[in-house]
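To start, the structure itself, in structure tokens.
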Amino acid sequence: MDQAQLNERLNALPTKPGVYYMKDANGQVIYVGKAINLRNRVRSYFHSPAGHPPKVRRLVEHVADLEFIVTGSELEALILECNLIKKHRPHYNVRLKDDKQYPYIKISLQDDYPRIFTVRHMQPDGARYFGPFTSSKAVFQTMELLRKLFPYLTCKREITGKDKRACLYHHLGRCAAPCIGAVSRQDYRGLISQIILFLEGKQERIVADLQHSMDEAARKMDYERAATLRDQIQALHKVIEKQKIVSAAESDQDVIAFAREDGQACVQTFFIRRGKLIGREYFVLTGTQDENDLEIMGSFVKQFYDEAAYVPPAILLQHGVGEAMVIEEWLRRKRGTKVALLVPQRGKRRELVQMAAENAAETLANLRAQWAADQARQVTALSDLQKYLKLDMAPTRIECYDISNIQGRAATGSMVVFVKGVARKSEYRRFQIKSVAGADDYAMLQEVLRRRFKRAGQEQQPADPEAGGWGILPDLLIVDGGKGQLNAALEAMAELGVAGIPAIGLAKQQEEVFAPGRPDPLPIPRDSEGLYLLQRVRDEAHRFAIGYHRKLRTKAGLRSRLDEIPGIGDKRRTGLLKRFRSLEAIRQASIEELASVTGMTREAAERVKERL
């Protein structure tokens, strides 16, 4: 976009509130912003560039196109900005580092007998969610604690209360066994209510209820139940003792502070419920270089609470945020009542913010030490590979391929990519084998490589190798297997004119590395960081391939089971698969739910229910 086109585009911008997003020469969104006046805000980027911070100058240099969306208000612009940043993850925006979804604990209150499990997305399905959590391990530990304290359901069977026997978990005290009628629906939902109170930090209420139930059981001389309740109360007291009382006021509030160094920032959040610190999480931000504290804090608050399952009435901040009134109104809509963003200057609240800031600084220091150690290992590993494989340079980009099938059925291939020794999951690719009949792993590998390198020839190689894409060729290609797989790969690569790419085979059995023209495996030391890296890459390719293979195999098995049912043709089968996703879900669905699927009738639904 030349200067004349840019001026024309800027002059055409409306003076209304909205969201703008800037793109580079490849059409990639590199920045998303919002404005009360789109024309004034966007024009400011391109006028007097010398006065801008370095980050903005770099952004402007890469802008090749810009677009905008007009909104009805600044609040609507804020909501849209959050959604677009989450969708595009622009390079020049401050953003949460991980591109994965954080885990939540979900309680399916919409079910007669609610279940509890972890998910990566919240849905408007009537369930209750808690989170997000940064650590899957922390979620697992929480779930284990809940099962010890409250024996909730974990199986997927249909609960009728008439099963002949309960599962092993009931005998271990880990399930209340509504399946055999050991507890009524009402009592089981009461158990779920206690779990919700526990996750909300209201343990004292649970203890009071359990104490009352224990006294009642003892009065009725039901001493076995009284003893069970006593043990549960004692376990809860141990949990309560570990929770630090940090506020005399029994109110809910979150505390947010961050530390930053060399363009990296770590945010620490404390979750205070009824005056007790019930948990804390840290989040890493990227894109913070040259940003001021207000921008960093505002970006985090918007991204975190856009995904948070709960918004407290008060949020204590280390720094203020721009557009505080708009953010407060947005949070009020999410919570349903007033939400205050506060920057305490003195007193107990200020001490809480300082404690969060100290934790953020300590966490960032530990993370930086860990990152430095990991980076050192990666540099060593790549240097080892250059040395032992006799490469001209250390292999920055490594691609590994694996094939997974059972006697030729549900055959799949995988391609995983490591850049500078780190997995780049956004560039992983799966291949469903199309041209090979029977169990011919060599031919399947060749099909995958032909498809991969044909795509490379069709796409222009980007100027920046870090950008990724099919057009970037690997510095080292690995196939999962020995000399046979390697020779098959070399044959396909020669056909496509990429024989110059260094390639090796890594055999699982003895972890032997084979190179072209060498009858014996390469003498790479067993304790070499380079060999460890090759094994990690190979294992990741195997995991990725077998995951897709299992998915296809399950889908094929499900289709064959449905095909056996009279009256279930392609349209009905597709509708059932799209709605329920799995055979178990179809089996557990009611006749009314099956009949509601497009193309289904009640008669067909009854037939499915009967056959499954």
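Just so you know, all these numbers are worked out from the coordinates, no wet-lab data involved. Bear in mind that the values here come from a model prediction, so they are computed numbers and not experimental data. Don't worry about glycine lacking a Cβ; one is built from the backbone with ideal geometry, like all the others, and counts go over all protein chains shown.
Things to note:
- Each semi-axis of the equivalent ellipsoid for the stretch 474-527 is √(5λ) with λ an eigenvalue of the Cα gyration tensor; in descending order they amount to 20, 11, 9 Å.
- In this structure, the amide hydrogen of residue 30, modeled 1.01 Å from its nitrogen in the peptide plane, lies closer than 5 angstrom to those of 22, 23, 24, counting only residues at least 5 positions away or on a different chain.
- For the stretch 172-183, Karplus couplings with θ = phi - 60° (6.51, -1.76, 1.60), whole Hz, Gly/Pro x: 8, x, 9, 8, 6, 6, x, 4, 9, x, 5, 9
- Ellipsoid equivalent to the stretch 253-365 - semi-axes via the Cα gyration tensor, in Å: 21, 17, 13
- Exposure proxy ranking for 255, 422, 321, based on other Cβ atoms within 10 angstrom of each Cβ and starting from the fewest, stands as 422, 321, 255.
- Karplus (6.51, -1.76, 1.60) ³J(HN,Hα), θ = phi - 60°, over the stretch 22-27, in Hz, Gly and Pro reported as x: 9, 10, 8, 5, 8, x
- Equivalent ellipsoid of the stretch 104-200: semi-axes from √(5λ) of the C-alpha gyration tensor, largest first, are 23, 15, 12 Å.
- Cα gyration tensor shape for the stretch 397-541, rounded if a/c is under 1.5, else prolate or oblate: rounded
- Cβ-based charge dipole, the stretch 104-200, positive-most Cα from 192, 145, 108: 145
- Three-way shape label, the stretch 70-113, alpha-carbon gyration tensor, a/c 1.5: oblate
- Ascending count of other beta-carbon atoms within 10 Å, so fewest first, for 382, 75: 75, 382
- Positive-end residue of 590, 456, 169, charge dipole of the chain with Cβ unit charges: 590
- Placing dummy labels 7 Å off each Cα toward the beta-carbon, the span from residue 223 to residue 209 is 2.8 nm.
- The stretch 104-200 - percent relative contact order, Cα under 8 Å, separation 6 or more: 24 percent
- Three-way shape label, the stretch 564-611, alpha-carbon gyration tensor, a/c 1.5: rounded
- Placed amide H near residue 95: partners under 5 Å, 5+ positions off or other chain: 286
- In range of the label at residue 380: residues from the stretch 519-547 whose backbone nitrogen is under 13 Å from the point 7 Å along Cα→Cβ: 527-533
- Considering only alpha-carbon pairs that sit under 8 angstrom and 6 or more positions apart, the relative contact order computed for the stretch 3-93 is 38 percent.
- Charged neighbours of residue 23, selected by a Cβ distance under 13 Å, balance to -2 (K, R count +1; D, E count -1).
- Charged side chains reduced to their Cβ positions (Lys and Arg at +1, Asp and Glu at -1) give the chain a dipole of some 1640 debye around its Cα centre.
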